[in-house]
1. For the chain, what is the calculated [θ] at 222 nm in deg cm²/dmol (nearest 500), taking -39500 (n - 2.57) for each run of four or more DSSP H residues and dividing by its residue count?
2. Select from Ile138, Ala568, Ala305 the residue farthest towards the positive end of the dipole of the chain; place +1 on Cβ of Lys and Arg, -1 on Cβ of Asp and Glu, and compute about the Cα centre.
3. Have a look at the DSSP beta bridges in the chain and tell me what percent are antiparallel, nearest 5.
4. Quick one: net charge of Gly423's neighbours, Cβ under 15 Å, K/R +1, D/E -1?
5. Pop out the carbon and sulfur fraction of the accessible area of the stretch 130-186 as a percent, whole number, probe 1.4 Å.
6. Quick one: dipole size for the stretch 509-602, taken about the Cα centre, charges +1 on Lys/Arg Cβ and -1 on Asp/Glu Cβ, in debye to the nearest 20.
7. Loop only per DSSP, at most 14 neighbouring Cβ atoms within 10 Å: give me the trypsin sites (Lys or Arg not before Pro) in the stretch 12-59, ordered by residue number.
8. Can you tell which of Pro392, Leu380, Ser357 lies farthest toward the positive end of the dipole of the stretch 320-465, using +1 and -1 charges on the Cβ of basic and acidic side chains (Lys, Arg; Asp, Glu)?
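The values are calculated or read from the model by the stated rules, or taken from the named source; none is laboratory data. Treat the numbers as computed from the prediction; the structure is a model and nothing was measured. With ideal geometry, Cβ positions are generated from the backbone for all residues, glycine too; neighbour counts draw on all protein chains shown. Each accessible area value is taken on the protein alone, full model and side chains, heavy atoms only, with ligands, DNA and RNA left out. Shrake-Rupley method; radii C 1.70, N 1.55, O 1.52, S 1.80 Å.
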Amino acid sequence: MEYSHIGNLVFANAKKYGQKIALKYKDSVSKRWTDVSWNELCERVKQIAYSLIELGVKEEEKVAIFSQNMAEIIEVDLACQALRITAVPMYATSSTSQIEYIIKDAGIELIFAGEQYQFDRSVEALHSENPLKKIVSIDSKIDRKGETAAITFEEFLAKGANSENAKKEFEARLDRLSSDDLCTLIYTSGTTGEPKGVMLTDANYMQAMKIHDIRLVNVNNTQSTLCFLPLSHVFERAWTYYCLHKGVVVYINSNPKEIQETLKEVHPNLMCAVPRFWEKVYAGVNEKIDSFPGILQKLARHAIAIGKARNINYIRLDQKAPTLLEWRYQFYNKTLFHVLRKAIGIDKGVMFPCAGSQLADEVNIFLHSVGVNIVVGYGLTETTATVSCYNPYSKGYDIESAGDLMPEVEAKLGENNEILLRGKTMTKGYYNKPQANEEAFLDGWFRTGDAGRILPNGRLVIVERIKELFKTSNGKYIAPQQVENKLVVDKYIEQVAVIGDLRKYVSALIVPAYDALKEYANGQGIAFNSTEELLNNPQIYAFYEKRIQQLLSDLAAYEQVKKFTLLAHPFTPDNEELTLTLKLKRKVINKHYEKEIEAMYC
C-alpha cells in the first residue's frame, strides 16, 4: 500500500496514476459525463483543504456533508481526512429535525448543502438553537434567498486560493496524521431509538482496505464502478473509498431515480447495491418473460433452468459441469443471457456486492443462473461495512449464507444466538453515548444485535434482528424479515410489514405495486374509481391471497400469513414508517395501523 492514512490516498494515487481518470460525473447543464483525472482530483482536494483552513476549521472539528451523491462531496470528504477533520455525512432526504439532532449532538458549525432541498433545511437549522454558523451551497442553481451566513462553493474555494498560510498549515496537518484520527461520524438510522453517531477511525478504514485487498483480488484499476447508493450509507462510502484505493474509475449517479438509465450509459464492471434493487430487477425480468408468446416464454424458462443447473449445481460447488450442459449454457450465455444483462446495463459486470439486508434466495439463485455475479455480504456501520461476503476464490458458496468471514475478522454466537464480532474494523464506539457503548461490547466483542448461525464450514448465516424476532401466543418464534423477503419478490407487492408478536397467528400489512395491480385489474375487467376501491374488491383480495399462499408454501404452517390488509399508501421516511435507509420502523407502523391490525384478529 503506497500510503498509510486515508488522508493520503488521493495524493499517493495522483503520483501513481497521474492523468488516469479517477471520477466521472454528469454535468447538470450539458448532461454529458465529465472526467476528473487523479491529478485534477488531487488539486481540487488541496484547494478545498486550503479553504477549510481559511474558514477556521480546526483539527478534530466536525463538518457536515448534507447532499445527494456529487463529485464535490467526495472531494470535500477527502480534504477533511487530509486535515484531521471529521466528516459527518447526512442523508439527502433528511428532515430539518433529523439534521438538527446531528448538528447538536456532534457540535457542527459548518455544513455543505448539495441542492435546494438540503440548503433550505440547513437554513431552517441555522436559525434554531444549535452550533451551526455557516452553510456552503454546492449547486450553483441554489437560491440563497439573501441568507448572509451562506456562501457558494465558488466563493468558498476562493477563500483559500492564494493563502500561503493555509498551504503551510495543510502540510503541517499532513505530518500530524494519525491512525487514531476520527475520520467519519455516521449516524445510524434509529429503527428502535434515537440515532447514534458511529465513530470510524483511520485505523478502521485502513484495515478495511487491507482485508478487501486479500479477499477481492478480482478488483483492479482497469475497471469502473457506479456510485449509486447514498455516500451517507457506510456500504457505498466504504466501497467508494475502496474503489478509489484500487484506482477503479468511479462514476457518480446523483439521482437515484435515474439509475436504470445511468446503468445503460455506463455499463459498470462493479456496483454495490441493496437487495431491493436486485429484487426489482428480478421482478422486472420475470414480468417481461411472462409477456412473451408461449414458445418464447418456454425457451426463456428453459434457458434459466440450464443456467441454474450449471452455475448453482456445479460451478458454485467448484465442480466441472457435464459437457452437454456446458455447451447449452455457453449458447444461452452468449445469446439470451447476454441480451438480458445488456438491457439492464450490467453486461460488463465483474461482480456486484450486495448487502444491507437479506437477499431472497430465489433472487440470488436467479441472478447467478443468468450469469450475474452477485457477491452477497453482511456488514454494519459499526464494522466499517463488510464482515463477511462470498469469496470469489473459495470452493463454492452457500446460498443461505452471507459468505465467508473477512480475513482477520472473528465471529462467535452469544446469548440468543447473537452474532458477536471482533477485529480491527470494529468501531471504537458511539459518540457521546457512554451507556450505549457499555451495552454494545461484551468482553471486547461487538454485539451486533443480529441473530445468526455459523455453518460447519465457518460461513455466516443471518437470521434476523434480535429485537425484531417475535413470538406468537402459541410460543412459536417468527423471523419477520424472512417472511417479508419471500413476498417482496412478487411483482404485485412493493412493501410488506409482518405482524404477529403475541398474536394467535401471523398477519401482514401489504403495500401493493399499484401500477402493476391496476394493469392486472384492467386486464381482468375489474372496474374501480380509486385505489382504495380497487383494494377493497374481493377479487383483488382473493388474487393476493392465492399469490401469498404460493410464495410462502415452503414455510412452516405457523410462519405463514393467515390474514393481510392491502394499504392504499406506501411506507415512507416522511411519515416516519421507514428509516432513511428504508428499513421498517415496526413500532411506528404498528401504532399508525393499530386499527387495521386489530381488525385482522377479530
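1. -11500 deg cm²/dmol
2. Ala305
3. Counting DSSP beta bridges with both partners in the chain, the antiparallel share is about 55 percent.
4. Once all neighbours under 15 Å are counted, the net charge is +2.
5. About 45 percent, which is the carbon plus sulfur part of the accessible surface.
6. Dipole size: approximately 260 debye.
7. Lys31, Arg32, Lys58
8. Pro392
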